[in-house]
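Everything on this sheet refers to the single structure shown next.
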Amino acid sequence: MQQDHLLTAKQLSRADIEAVLERAAEFDGDPDAARERHAGELLALCFFEPSTRTKMSFETAAKRLGAGVVDMGSVDDSSVKKGESLADTARVVEGYADGIVLRHPRQGSAKLASEHVDVPVVNAGDGAGHHPSQTLLDLYTIREHAGLDDLSIGIVGDLKYGRTVHSLAHALTNFDARQHFVSPESLRLPRSVRYDLHEAGAQVREHEDLEAVLPNVDVLYVTRIQRERFPDDDEYEAVAGEYRLTPELLAEHASDDLAVMHPLPRVDEIAPEVDDTEYATYFEQAHNGVPVRMALLDSLL
Amino acid sequence: MTETELRVSKIQNGTVLDHLTAGEALHVLAMLGIDGSGGETVSLGMNVPSDRLGRKDVVKVEGRELSDSEAEVLSLIAPEATVNIVRDYDVVEKRRVERPEEVSGVLTCPNSECITNAGEPADPTFAVLDDGVRCEYCGEIVRDDITAHLGDGPQSV
Ligand SMILES: [Zn+2]
């Protein structure tokens, strides 16, 4: 990659993405070959909000490259609770480690941290902002199942607050991809993301009806709609029900080789019965996190 | 001598902001953090007839020279503005404001979840778009009413 940090998916060129995905495929094919590549190096995991899954995925990737990890632990136990700034935390951690993986509730936090340190910073989620390492593993999975060019993808759920959606949408503008966004009106893509997609000349359509989109997409990327986004439970139940995937819905409307993806964890937006169908791609997607993050760390460390 | 030149020559030391978009004079003062509490002499003309603009506002501030970063943000509110720096009754510097590529340190981000609103050592920085500004940290776009997002006044004078 050309950059020192991975802060947003917007910074990734097609060449950057392809380089990471190709390296990831090599690691995927032969994990042992990478065992000593980063021996003696240390990666700091700074998670200011809980995310067991992403953190474990980075830790596994680092260890498979031969690197060690140092973990800030939970925010409750750290100096953050005592009011230390993120900038100070980053500067202190820089002295311990060769790279920093940061998850933080505020948008722009990874950019801020990167301005105060000389080691690479990976944004592992900044509030409703970006989650670019998730995007790389999403792209890897899409490439395996449908290819990244001449792609038709449906992205459904909470498009307003869903950072995985924002990052994926940005990254897909590098490819010949038609993006169909499906959400209730209140959870549409934020203005800033629509602005970027427009600037990038992306092929974008917005929908409210999932059934109408299903027959026309190769990939369906599902995200969770959270109860707290709605003023009352009834409204939430109505929307959640409308976008809930079941084997029956898929059998009736989707093409046979549709790949259903989800950044996980899911709650009930995908019925458990879908897991046993050919559509289910989300667990494989999660597994892809390790080789993709290995490739990412390999290029930054 | 035209009426405008006469007005310009009336302050001893300070800044005359001329050719402000009509109706923006009070926003300009707010942007500069000038509310009269500092004791400086401030005068303003609103809807003054202008050859170039039809109507314009004019603001004169005694004892205060506009910094470059202030002039840049001024360009967002009043793209036709001219800044006259006055010393000892003479206009020693006269320039048009230029629309910068980015502005830093004067606007605050309207997104409460933005890291620049968290007490961190971050200068809120905005990319200037054709029709608004955009936070470089969180990506939030501000189109209408930029003056509503002015910070607590400029850090440098
Ligand atoms: Zn912001």
Any helices (runs of 4 or more DSSP H) falling wholly within the range A:28-136 and containing at least 2 residues that are within 14 Å of chain B (Cβ to nearest Cβ) and out of contact with any strand residue (DSSP E or B) (no Cβ under 6 Å at 6 or more places or on another chain)
A:86-94, A:109-115
Checked A:Ser167, A:Ser152 against criteria (of a type in the set (Gly, Ala, Ser), surrounded by fewer than 24 Cβ atoms within 10 Å (Cβ to Cβ) and in the same structural domain as A:Val260 (by TED's automatic domain parsing)); the one match is A:Ser152
Among residues of the range B:97-148 being within 18 Å of A:Ser114 (Cβ to Cβ), free of Cβ contacts under 8 Å to residues at least 12 places away in the same chain and among the small types (Gly, Ala, Ser), the residue nearest to the ligand (Cβ to nearest atom) is B:Gly139
In the range A:103-124, how many are out of contact with any Phe, Trp or Tyr (no Cβ under 9 Å at 6 or more places or on another chain) and either more than 16 Å from the ligand (Cβ to nearest atom) or of a type in the set (D, E, K, R) (or both)?
7
Based on what the data block shows, is A:Pro105 open to solvent by 10 Å² or more (accessible area, probe 1.4 Å) and without any contact (Cβ under 8 Å) to a residue 60 or more places away in the chain?
yes
Every residue from the range B:110-123 that is farther than 19 Å from B:Leu74 by Cβ and in contact with a Ser or Thr (Cβ under 6 Å, 6 or more places away or on another chain)
B:Ile115, B:Glu120, B:Ala122
Criterion (in a helix (DSSP H, G or I) and at pLDDT below 95) met by exactly one of A:Val239, A:Val267
A:Val239
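The values are calculated or read from the model by the stated rules, or taken from the named source; none is laboratory data. Treat the numbers as computed from the prediction; the structure is a model and nothing was measured. Here the Cβ is made from the backbone with ideal geometry for all residues, glycine too, and neighbour counts use every protein chain on show. Accessible surface areas use protein heavy atoms only, side chains included; no ligands, DNA or RNA. Shrake-Rupley method; radii C 1.70, N 1.55, O 1.52, S 1.80 Å.
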